[in-house]
Amino acid sequence: MDAETAHANSPAVRSPARWEEFGRRLRHWRRRAGLTQAQVGIHVGYDHSAISKLEGGSREPSPRLVRRLDDLLGTGGELQAAYTAAALPGQAGTGTGSIGLSLSTPLPGDGRALLADMEILETLSWPSHLPSYGLACPLHDTAGCAVPVPAEALSTYLASCAFDQTSPPPQSIDADAVHVLAALLAAYWQAADERVAAVLVTVVEHALHAIVRWTEVLAGPYRRALLSLAAGYAQLAAVLRMQRGQHGMAAAWFGGGLRWAAMAEDLVARVSLLGDMSTLARLENDPQSALAYARGIRAAGPDRPWVAALADLYEARAHGLGGDAAECHRHIAHARVHLTRFGERDELEAPWLCGAAGHLRVESSTGGALRDIAVVTANRSVAGLAVQAIERSLRHLPPHMRPARVMLTLRLADGYACAGNVETALVVAESVLADAVAVPTTMISQELRGLRDRMVARWGGRPDVRDFAARAGGFLY
C-alpha cells in the first residue's frame, strides 16, 4: 500500500470536518503570500488538486507537509498548531508512510530514533525487484532479485543499522539486507532526481557509515557487495552535498567512493564517480582538472564503448569550458559514434546510457559545452547550436526529473541570451524562475547566476532585465 492509499483509508480522512479549520488557515496564509494553489503545490512537491483538498478540509496532511507549508508561507507555526489541534490525541506527528511502518512499531536498539530522522521514507518509490533505477544487485548482478516488501524491508534495515558508534558492528549479514540496501539506494537516487530533500543526505550518510563498518568485519562475496554499495552511497552523498554547495564534503565522499569502488573492482561505480568529479571540477571553473578526471574515465575501461562515450562527453564539457571549439566538437562526434556500437555488455553495465537516456546525456552535454564556448567566444552561431541541443535534451527528459528540467531550462534561456535574443531569454527564464526557489541546487544556482550576470552586462539598462535580475538574485547562494 502506498502513502496516498494508506492516507485515504485512514479514519481521519473519513471524518473531514476535523480538518476544516486547518484548511481555512492554509487558505488564509496562501492568499496572504500571494500564491495560487498550483504555485504552493510546486514548492512543496504536490499537485494543485491536493492543495485544494487540504484547503477544503477533505484531506489530512502529513506532519512533514505541514512543516513545509509553515516554512513556505511564513506562518510562524500557525499551521502546525492547527494540525495538532485537529489530529487525534496521541497521534499527531506519527503518520505511517508508504514504507509501511509507524513510530509505534517496536524496533531494535536505537531504531525508533533512527526512524524519526527518516521521514523521507514516506515518499519513496519502493522497487519490487533489482535491477532498479539503473542499479543492479551487488550480489547477483542482473539476475532479477526480489526485494522484501516495504514493512519487512524497513525492519531488516533498522535491525542492521541499530547500533551506535561505540558498539561492535554485526558479524554477519544476509542477502535480504543487501537487497534492501540496494533497493533503498535506488529509491534515494530517484528521490534525489525528483526533488531536493534536506533530510535525504542525513539518511544516506547514516546508511553509508553502517555499511563501511560492516566491511571491516566481513569477508567474501558479502564484503565485496557491501564495498560496492559503499561506493554507491558515497557517490549519492557527494552529489547531495554538491547540490547544497558543500564542495569540500562532496570531494571527500567522492574520494572515499573511488577507494571503495576500487576495492570492490566495480568498474561502473568507478566510472560514474569520476564523471561526477569532473562535474565538480567544472563547477569550480577548473577545466584542466575536469579534463583529467574525464581522461581517467577512459583509462578505467578502454575496451568498453559505453566508457569511451562517457569519457568523450566529459572531455567535450571540459574543452567547452576552456573555449576549445575544435576539441569539443571532435569529442561530441566520437561520443555519438560510440553510442551506436553498444553491445550486450554495454547495455547490462550502463542501461542508463542506452536509448532515450543516452540521447538525453549526449544532447545535454552538447548543449552545455556549446553554451560555454559561446560565453567564451561571443559566437552567436555557436549559441544557436547550443539552443538546438538543449531543446532536444528537454524533449528527452522524463517529466519527473524536476531539478534537471529547471536547470536545463535556465541553460536554454542562457543560450538565447548568448545568441542575442533577450526577449526569448526572459520568457524562457521566467517560466521556471518560481520553481528555482523550490529546487535550489548548486547547478541551478550556477546556471541562474551566469544567465543573470550576462543579461545585466549586455542589457542592464532595460527595466525588464533589471526586474528579472533583482528577483533572480534572491534565489542565489
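The values are calculated or read from the model by the stated rules, or taken from the named source; none is laboratory data. Note that this is a predicted model, so its numbers are computed, not measured. Every residue, glycine among them, receives a Cβ derived from its backbone with ideal geometry; neighbour counts consider all protein chains shown.
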task = Starting from residues that are among the small types (Gly, Ala, Ser) and within 27 Å of residue 323 (Cβ to Cβ), keep the ones in segment 344-379 and report whichever is surrounded by the fewest Cβ atoms within 10 Å (Cβ to Cβ).
result = 378
query = How many residues, within segment 283-293, are closer than 12 Å to residue 322 by Cβ and modelled with pLDDT of 95 or more?
reply = 6
note = If we keep only residues of segment 29-63 that are crowded, with 18+ Cβ neighbours inside 10 Å, more than 17 Å from residue 437 (Cβ to Cβ) and of a type in the set (D, E, K, R), then the residue modelled with the highest pLDDT is 55
inquiry  = Considering only residues that are touching a residue at least 60 places away in the same chain (Cβ under 8 Å) and surrounded by fewer than 20 Cβ atoms within 10 Å (Cβ to Cβ), which ones fall in segment 248-278?
reply    = 267
request  = Within segment 337-377, track down each residue that is without any contact (Cβ under 8 Å) to a residue 24 or more places away in the chain, out of contact with any helix residue (DSSP H, G or I) (no Cβ under 6 Å at 6 or more places or on another chain) and not in a helix (DSSP H, G or I).
outcome  = 340
inquiry  = Looking only at segment 334-343, how many residues end up being surrounded by fewer than 14 Cβ atoms within 10 Å (Cβ to Cβ) and of a type outside the set (Lys, Arg)?
reply    = 3
query = Can you list the helices (runs of 4 or more DSSP H) found entirely within segment 190-273 that contain at least 2 residues being of a type outside the set (Val, Ile, Thr) and at pLDDT 90 or above?
reply = 220-243, 247-264
key: Which listed residue, of 323, 296, is part of a loop (DSSP other than H, G, I, E, B), touching a helix residue (DSSP H, G or I) at 6+ places or on another chain (Cβ under 6 Å) and not acidic (Asp, Glu)   = 323
